[in-house]
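S.K.: Got a structure for you, written out below as C-alpha cells; questions coming shortly.
The values are calculated or read from the model by the stated rules, or taken from the named source; none is laboratory data. This structure is a prediction, so every number in the text was calculated from the model and none was measured. Note: ideal-geometry Cβ built from the backbone for every residue, glycine included; neighbour counts use all protein chains shown. We work out accessible area using only protein heavy atoms, side chains counted, and drop any ligands, DNA or RNA first. Shrake-Rupley method; radii C 1.70, N 1.55, O 1.52, S 1.80 Å.
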Amino acid sequence: MKSPRKTLNKNGIDILVVEDSPTQAEQLKSLLVASGYTVTVAANAKQALAEAHKRKPTLIISDIVMPGMDGYTLCKTIKSDEKLKDIPVILVTSLSLPQDVLKGLECGADHFIRKPYDEKYLLSRIQYLLANWEMRRGEKLRLGVEIYFAGQRHFVTAARQQILDLLISTYEEAVRINAELSAREAELIQLSEQLERNVEERTAALIAEIAQRKRAEEEIRRLNEDLERRVAERTAELAAANKQLELRNSEVERAGKFKDQFLSTMSHELRTPLNAVLGFSELLADERYGTFNERQGRYISHIHTSGKHLLSLINDILDLSKIEAGRLELAVESVRVETAFGEVLGALRPLAEKKSQTLSQHMETGLYVRADATRFKQVLMNLLGNAIKFTPEGGHIELAARLMEGQVRVDVRDTGPGIPPEEQKRIFEAFYRLRQSGKTTEGTGLGLAITRRLVELHGGQLGLESQPSQGSCFYFSLPVAPAVSGSLARETASRARAGEPLRILVIEDDPAAGQLIQSQLTSSGYAAVVCDQPQHSAEIAAELQPDAITLDLLMKKPANGWEVLSQLKRDPRTASTPVIVVTVLDQRALGALLGADEYVVKPVDKVALLAAVERCLTTRGGASPARPILVVEDDAPTSEVITELLTAQGYAVATAADGAQARAQVAASLPELVILDLLLPKVSGFQLLAEWRASPRTADLPVFVLTSKDLSREEESYLRTHTESLFRKQQPWQEALVKQLHRVLNLGQLERA
Ligand code: ADP
C-alpha cells in the first residue's frame, strides 16, 4: 500500500466512493476529480468490498444508508479485514444523534463528514486525513472504552487517534454548526430586530390607525348626536307644524262650515225678496190687474229685467262658490235628452224669436245620459242662452245630440260672431268676457266658468270649435244611460174660467182707502159700492147681495172689522158671500178662522186685490166649494206672489206663515194640496212633511215643495220620494208650478170621478 504522504501530491491518490444515489455519487466524484484525485464509485457495500480488494484505494468515502449492507457494517468489515483495515474510511453521516457517533466509533470509521457536506470542508478533511495517516498508522494502541448511553452499553475499541479524529471532527462539526448557528443567530437577531422594527412600525401604525378610528368613531358619535338632536328638533318642529296645521284645519273646517252656512243663508235671504220683486213686477205687467202708461210699463219691465239679472247673478255666484268649495252634489240619474232639449228650447224660444233667429234640434231618438237633470238643463240653458245672446238677428242656432264613441255628444252651434283662437281659453275663466260683447250684451262672464265645471263634475269636458265670423260650436260628452220609463206626461184639459161684471161691496171707514179700492175695482170692470158705516155694513150687505165684500178690519168703533166679519158669516143671507179682508194686520190665520175667504194686506196692491176678488168669484157658486190650496210660506211677499198666481188661476188659497200654523190648519181641515216652503220658523217643512206622511189621514196629501234652500243629495232624494213636485225659487218656477198644479189636481179629480 502506498504511503499517503507520498500521495499528497494528489496524482495517484485513489478514492473509492460508496454511494447508492448515482447523482450524489456523480456530484462527489466530479468534485474529487476536479481536485486532482482518482475516483472509483461503488453503488453498494458489496461492490465496494470487491473494488477495495481489487484496487486497494487510498481512501474510502462511504454513505451510510444503503440497500443491503449499510455504511457502518461496510466499515466494520473493512476494518476487520487484514488486507483492507489500513485503508482510511470516511463515513458520510448526519452525526445528528449521539448513537450515530457511537456507531461510527464502534465500526472503526476514521473520519466523519456531515451530510450535506460543504465542499471546501470535505476537501480539507480528506487532505487532513491523508496527511496524518502515517502518524495514525504508527499508533498501535487500541483502547477499549465502555460507554453507556441511553441505557445501552457500547464498547469502543477504536484507536486514540481515531477517537480524537472523530471527536475533533465532531467538535469541528460542532464549531462549524456553532458558527452556522451564530450566523443563523445573527441572522435571527437581525430578523428579530427587523421583526421588532416591523412590529414597532406596525404597532405604531396600528396605534395611529386605532387613534384615527377612535377619532372617526368619536366623529361618528358626535355626528349621531348631532343628527339625533336635529331629528329631535325637526320632530318638535314637525309636531308644532302639525299642531298649527290641525289648528288651521279646524279653522278651515270652521270657515267651510261658516261658508256653507253663509251660502245657504245668502241664497235664501237674497232670493226670497228677489222672488217677491220678480213676482210682483210680473203681476204688475199683467193687464188684467190694470193698465199703466207706457213709461210705467217700461219701468216695471226694467224692474223685472234687473231682478232677473240679479237673480241669475246670485245663482251663478252661489253655484260657482259651491262648485269651487267642492260642495255641489249631483243627483245623477237617467235623463232623457229629448225631454231636456224640449224644456230648454221651450224656455229660450221666445228669446230667439225676439231676434228672429231660427232654433233647431237634431238628435237620435231614445238617447239618455247619466246626469243630474237640473244641472244638465242648466248647462244647456247656458250654452243655448249664449248662442242666442251673441248671435245677431236672423241667425241660426242648432242643438244636437248623437252617440259618439259610446258617449252622448251634445253640440250647441250658432252662426254668431265666433271667438278668436287666442280668446278661446280665457272665455272659460270666471268673469271674463270678450271686449266686443262686454258693453252691448248683458252678462257676467260666469256662465261658461260654471258650465265647464258642471260638465267636468259629470266626468265630461267642455270644448269649443270656433272661427271669427264663422260661428261657434260648444260641445261636450256625457256617459250614455239606460232608458227609463218617463213620468206620466198626461195632458189634461185646461181649466175653464168664467168671468162677468160683478158687484162688490167695499166696507171701509177711511174715505181715501175706500175710494182707492173702489177705483181699483171699477177700473177692472166691477161695480163697486163703498159702505163707510161699519155698524150698518152687515145689513147693507144682506140687502145688496153683492157678489163679494171687501172688509177693512181696523175700523173705528162702534163696530170693528172682526165683528162685522162674524156678523156676515152668521147671517144666512150673507154667509156664502165671499169676504176679502183688506187690512194692515197680517193675521191671515185668524181671518181664515172667522171665515174670511181672502186676505189682502194693506197698502192695497191692485193686482193682489183683483186676484183675490177674482179667486173668490171663480170658486163661488161651485156645487161643492173647492178645498183650498194651502200655501205654507213665511215670507209674506212670496206668499202673496204664490197666492196671486194661484188665485189668478181660479184656485182657492189658504196661507200659513209658519210650520206651526200649517200643522194646525191641516189638522183642522184637509187642504186640496200644500205648497210648502222648507225653511220655516217654528216647525220646518221637512218636519211637517214627515208628520203628514206618517199619518194615514195626510199620507196622500199632495205636497209641492217650493224652496230657495240649497238641497243636499239626500234631502233632494227624500223630497222626490215624499212629495209630488219640487220647485226651486232660483229657477223660474211660476209657470211650471201652475202647470203641475193643473196636472195633479185634475188627475185627482179624474181619480175621484
Ligand atoms: P256671459 O255670457 O255672462 O258674458 P259667459 O261665461 O257665458 O259669460 O261667456 C263668456 C264670454 O264668452 C262671453 O262674454 C262672450 O264674449 C263669449 N261667448 C260665449 N258664448 C259665445 C258664443 N256662442 N258666441 C260668441 N261669443 C261667446
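S.K.: Give me D for the chain in µm² s⁻¹, whole number, from Stokes-Einstein with Rh from the Kirkwood sum over alpha-carbon pairs, 20 °C and 1.002 mPa s.
M.R.: The diffusion coefficient I find is 56 µm²/s.
S.K.: Once fully extended, how much extra length lies between residue 186 and residue 687, figured as 0.36 nm per residue of separation less the alpha-carbon to alpha-carbon distance?
M.R.: 168.6 nm
S.K.: Show that you can apply the helix-only estimate: for the chain, add -39,500 (n - 2.57) for every DSSP H stretch of four or more residues, divide by all residues, and state [θ] at 222 nm to the nearest 500.
M.R.: Rounded to the nearest 500, the figure is -17500 deg cm²/dmol.
S.K.: Taking all protein chains in place and a 1.4 Å probe, what share, in percent, of the accessible surface of the chain do carbon and sulfur account for?
M.R.: Of all accessible area on the chain, carbon and sulfur atoms account for 55 percent.
S.K.: Between residue 515 and residue 83, how many nm apart are label points set 7 Å from Cα along the C-beta direction?
M.R.: A separation of 19.6 nm, rounded to one decimal place.
S.K.: State, to one decimal in nm, how far the label point of residue 660 lies from the label point of residue 717, with both points 7 Å from Cα in the Cβ direction.
M.R.: So the two model labels end up 3.5 nm from each other.
S.K.: Could I ask something else about it? If packing is taken as the mean number of other Cβ atoms within 10 Å per residue, what is the order of 61-67, 730-736, highest first?
M.R.: 61-67, 730-736
S.K.: Something else about it: What is the Cα coordinate range of segment 642-742 on the first, second and third principal axes, sorted by size from largest, in whole angstrom?
M.R.: Principal extents (largest minus smallest coordinate, Cα): 33, 30, 24 Å.
S.K.: Could you do me a favour and compute the accessible area per residue for the chain, 1.4 Å probe, result in Å²?
M.R.: With all protein chains present, the chain gives 52 Å² per residue.
S.K.: Taking the 0 to 90 degree range and rounding to the nearest ten, how far is the long axis of helix 45-55 tilted relative to the main principal axis of the chain, both from C-alpha atoms?
M.R.: Tilt relative to the chain: about 40 degrees.
S.K.: If the chain between residue 527 and residue 260 were fully stretched, how many nm would it gain, using 0.36 nm times the residue separation less the Cα-Cα distance?
M.R.: Separation in residues times 0.36 nm, less the Cα-Cα distance, equals 90.7 nm.
S.K.: With a cut-off of at most 12 other beta carbons within 10 Å, and DSSP calling the residue loop, which trypsin sites (Lys or Arg not before Pro) in segment 378-447 qualify? Please list them.
M.R.: 425, 439
S.K.: I would also like to ask the following. Give me the one-decimal nm value for the distance between modelled label points at residue 535 and residue 321, 7 Å along each residue's Cα-to-Cβ direction.
M.R.: 6.0 nm
S.K.: Can you return the lysines within cross-link range of residue 556? Criterion is Cα-Cα under 30 Å, with same-chain partners fewer than 8 residues away left out.
M.R.: Straight-distance partners of residue 556: 569, 602, 606.
S.K.: Sum up the charges of everything whose Cβ sits under 11 Å from the Cβ of residue 241, counting Lys and Arg as +1 and Asp and Glu as -1, but leave residue 241 out.
M.R.: Spelling it out: positives minus negatives among the neighbours equals +1.
S.K.: So if R0 is 25 Å, what FRET efficiency would residue 467 and residue 354 give, r being the distance between their Cβ atoms, rounded to the nearest 0.05?
M.R.: Result of the calculation: an efficiency of 0.40.
S.K.: Please give me the summed charge of the neighbours of residue 427: other residues whose Cβ is under 10 Å from its Cβ, Lys and Arg +1, Asp and Glu -1.
M.R.: With Lys, Arg at +1 and Asp, Glu at -1, the neighbours total +2.
S.K.: Could I ask something else about it? What is the angle, in °, between the Cα long axis of helix 636-648 and the longest principal axis of the Cα atoms in the chain? Nearest 10 is fine, range 0 to 90.
M.R.: It is inclined by approximately 60 degrees.
S.K.: In terms of Cα to Cα distance under 17 Å, which lysines are near enough to residue 308, apart from those fewer than 8 places away along the same chain?
M.R.: Candidates past the 8-residue exclusion: 389, 729.
S.K.: Looking at this model, which pairs from 56/103; 377/709; 29/54; 377/739; 46/76; 355/739 are more than 23 angstrom apart at the alpha-carbon?
M.R.: 56/103; 355/739
S.K.: Return the Rg/Rh value of segment 279-425, two decimal places, where both radii are evaluated on C-alpha atoms and Rh is the Kirkwood radius.
M.R.: 1.03
S.K.: Taking the 0 to 90 degree range and rounding to the nearest ten, how far is the long axis of helix 606-619 tilted relative to the main principal axis of the chain, both from C-alpha atoms?
M.R.: Tilt of helix 606-619: around 80 degrees.
S.K.: Continuing with this model, one more query. Using modelled amide H (1.01 Å from N, peptide plane; none on Pro or chain starts), what sits under 5 Å from the amide H of residue 530, excluding residues fewer than 5 places away?
M.R.: Those qualifying (amide H under 5 Å, at least 5 residues apart or on another chain) are 506.
S.K.: Nearest 5 percent is fine: what portion of the DSSP beta bridges confined to the chain is antiparallel?
M.R.: Taking every DSSP beta bridge with both residues in the chain, the antiparallel ones total about 35 percent.
S.K.: How high is the relative contact order of the chain? Use alpha-carbon pairs under 8 Å, at least six apart in sequence, and give a whole percent.
M.R.: 7 percent
S.K.: By how many nm would the segment from residue 436 to residue 117 lengthen if fully extended, with 0.36 nm per residue of separation less the alpha-carbon distance?
M.R.: Result: 102.3 nm gained on full extension.
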